[in-house]
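Read through the structure below, which is laid out as structure tokens, and then see the notes.
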Amino acid sequence: MLSETMWPPDTQGRCETKVRYGLTLSQGATRDVETMKPISLIGLLSVVLVAAGCGRCVVTTHSSATGNDDFAATAGNLTMSNKVIKTEAEWKQSLTPEQYRILRQKGTERAYTGEFWNTKEAGTYRCAGCEEVLFESDTKYDSGCGWPSFYAPVTTNVIAEAEDRSHFMVRTEVLCSKCGGHLGHVFDDGPQPTGLRYCINSAALKFESKQGAKAEQ
């Protein structure tokens with residue numbers, strides 16, 4: 001994980017870091033790579049990405065040829081032994097084509113087409129990539145957007161966030177902190193008590209039903 005000692009601010013204080021849900025995000029980086037002190041390969045890659053204006057979290061969640069190495073080494077507040085590390089070939093083998101498109105390629109399913117957008121049954125929603133528990137049905141609600149919506153995850157440390165500047169918008173991407181899979185986005189127009197709307201792709205989820213119970217709506 002990058003730290004302030006590895007990447008100090010310039011004389012105008014235009015480089016700053018913040019930590020949310022265990023991921024280090026960087027904003028406003030303006031220093032040239034040539035002026036930086038020697039840093040790790042991960043740190044150098046992060047500088048290049050930020051300087052290019054990509055706007056995403058400096059920790060990449062795409063698998064490398066040897067597996068999701070950068071994510072395993074730096075992301076989240078769990079230890080490396082808790083992370084799910086797979087090569088791209090292994091992800092393609094373990095996921096359906098649609099799951100792979102959503103989780104590993106940051107795709108989005110069309111509204112009102114996903115398996116769970118209108119599910120009202122009580123149960124638990126897990127990550128389709130690693131089966132980490134992400135949401136409970138009692139936090140699911142009908143937001144009218146056409147995707148499964150929740151106002152809170154089971155705990156904050158199961159979700160990682162990154163700034164997403166794709167499609168000419170600035171949004172907050174949410175990812176599984178255990179495997180780095182893309183889940184969807186979070187918005188600040190949800191109901192109380194959090195005021196948040198976690199808008200999640202059905203293909204990124206697995207559902208475990210609680211027999212004989214009904215979800216709260």
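Values in this text are rule-based calculations from the coordinates and carry no lab data. All values reported here derive from a predicted model rather than from experimental measurement. Here the Cβ is made from the backbone with ideal geometry for all residues, glycine too, and neighbour counts use every protein chain on show.
Measuring between their Cα centroids, region 167-206 and region 109-144 lie 11 Å from each other. All other residues with a Cβ under 10 Å from the Cβ of Leu196 taken together, and with Lys, Arg as +1 and Asp, Glu as -1, what is their net charge? Summing Lys/Arg as +1 and Asp/Glu as -1 gives -1.
Taking the inverse of the mean 1/r over every pair of distinct Cα atoms in region 94-214 gives a Kirkwood hydrodynamic radius of 14.2 Å.
Near the amide H of Cys179, within less than 5 Å, lie the amide hydrogens of Val84, all on another chain or at least 5 residues away, with H placed in the peptide plane. Computed over neighbours whose Cβ is under 12 Å from that of Glu131, the net charge equals +1, Lys and Arg +1, Asp and Glu -1.
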